[in-house]
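Asks: Just passing along the structure, written as structure tokens.
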Amino acid sequence: MECRPGCAACCIVISISSPIPGMPNGKPAGVRCVNLDDDLRCKIFGRPERPRICGAFQPDPLICGQSRAEAVKIMAELEEMDVAPFLDEKQCANGTN
Ligand code: SF4
Ligand code: SF4
């Protein structure tokens with residue numbers, strides 16, 4: 001699937017254990033990444049300082065759902081099940097925001 005413009009659910013809802021520019025200890029679940037701009041796009045997209053884990057993420061309808069609201073719900077449920085490390089191993093965020 002294509003990454004959904006204006007979504008950024010993955011940059012907010014899930015926790016990221018890797019250091020992120022401006023967030024050296026990573027990002028807790030539910031906390032907006034400081035690198036998101038006002039349009040919910042990644043300000044460091046394509047730059048070397050963007051965490052590897054972010055660049056590795058591929059949007060997937062199983063996680064991203066059919067809407068932003070669904071993505072938020074799915075990711076919040078994954079966090080509640082404490083499977084965020086699984087997400088962190090594979091990915092964190094999206095390609096277009
Ligand atoms: S990867 Fe998924 S959750 Fe993240 S911004 Fe793209 S569509 Fe939304
Ligand atoms: S892609 Fe990574 S660095 Fe960029 S806004 Fe999302 S979580 Fe932050």
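The values are calculated or read from the model by the stated rules, or taken from the named source; none is laboratory data. This is a predicted model, so every value here is computed, not measured. Don't worry about glycine lacking a Cβ; one is built from the backbone with ideal geometry, like all the others, and counts go over all protein chains shown.
Asks: Collect the residues in region 35-68 that are surrounded by fewer than 11 Cβ atoms within 10 Å (Cβ to Cβ), within 11 Å of ligand 1 (Cβ to nearest atom) and modelled with pLDDT of 95 or more, keeping them in residue-number order.
Replies: Hit for region 35-68 is Q66, nothing else.
Asks: Quick one: which residue in R32, R4 is on the phi < 0 side of the Ramachandran plot and buried (at least 17 other Cβ atoms within 10 Å of the Cβ)?
Replies: Only one candidate passes the filter, namely R4.
Asks: Which numbered condition trips up I12, out of (1) in contact (Cβ under 8 Å) with a residue 12 or more places away in the chain; (2) in contact with a strand residue (DSSP E or B) (Cβ under 6 Å, 6 or more places away or on another chain)?
Replies: (2)
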